[in-house]
Amino acid sequence: MAKRILVLNGPNLNMLGTREPGIYGAHTLGDVQALCETTGQELGLSIDFRQSNHEGELVTWIQEAQSSADAILINPAAYSHTSVAIHDALKAVGLPVAEVHLSNIHQREPFRHHSYVSAVAVGVICGFGIAGYRLSLMALAEKLS
């Protein structure tokens, strides 16, 4: 049976391709989803891909993942730097978590250098654009094998 990966995307990622392409690139969220689905097929993973601008909805999906997923890949976006709620939900479900960011958050504004999610993630990939999703899925597949 295929391992199930919940891929979560936080606020403003629905604006990919038009929002600050100099930082986030020209790819759309649809491109990211297609990459994740193709990579999932190659690795024998089942991908559940979602995006929300609402912190509470992300928390609910994380909680539901406890019974419906084997791991979580999350780009918490701005919630990386502010959400104790997402941190607590990820910690509570006890699943392997990979954190991904399109840009290198450590080369940006100082407030972006800290992520509450990193403390509960098995790994963090940032700065490689949408390829970071592929790298994260590969790492999670290895972790789950």
(Q) Just to check your reading of the model, which residue among H87, H27 is without any contact (Cβ under 8 Å) to a residue 40 or more places away in the chain and in contact with a helix residue (DSSP H, G or I) (Cβ under 9 Å, 6 or more places away or on another chain)? (A) H87
Q. How many of the residues in segment 116-136 are buried (at least 18 other Cβ atoms within 10 Å of the Cβ) and more than 18 Å from A77 (Cβ to Cβ)?
A. 1
Q. Within segment 94-111, is there a residue that is in contact (Cβ under 8 Å) with a residue 24 or more places away in the chain, over 19 Å from Y24 (Cβ atoms), out of contact with any Pro (no Cβ under 6 Å at 6 or more places or on another chain) and part of a helix (DSSP H, G or I)?
A. no
**Q.** Criterion violated by M15 - all others in (1) at pLDDT below 95; (2) in contact with a Cys (Cβ under 6 Å, 6 or more places away or on another chain); (3) not hydroxyl-bearing (S, T, Y) satisfied
**A.** (2)
(Q) List the residue pairs whose Cβ atoms are under 6 Å apart, where the first residue sits in segment 37-48 and is farther than 12 Å from M138 by Cβ, the second is part of a strand (DSSP E or B) and of a type in the set (D, E, K, R), and the two are 6 or more positions apart or on different chains. (A) S46/R4
Q) How many of the residues in segment 36-50 are closer than 15 Å to A65 by Cβ and either among the hydroxyl-bearing types (S, T, Y) or within 14 Å of the chain's Cα centre (by Cα) (or both)? A) 5
Q. Taking segment 101-145, which residues are over 13 Å from the mean Cα position of the chain (by Cα), among the charged types (D, E, K, R) and over 16 Å from P21 (Cα atoms)?
A. E109, R112, E142, K143
Q: Find the helices (runs of 4 or more DSSP H) located wholly in segment 1-75 whose residues include 3 or more that are touching a Leu at 6+ places or on another chain (Cβ under 9 Å), and list them.
A: 29-43, 55-68
Q: Give segment 51-69 a look and list any residue that's within 13 Å of the chain's Cα centre (by Cα) and either surrounded by fewer than 13 Cβ atoms within 10 Å (Cβ to Cβ) or among the polar types (S, T, N, Q) (or both), or say none.
A: Q51, S52
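The values are calculated or read from the model by the stated rules, or taken from the named source; none is laboratory data. Everything numeric here is computed off the predicted structure, so don't read it as measured data. Neighbour counts run over all protein chains shown; Cβ positions are idealised from the backbone, glycine included.
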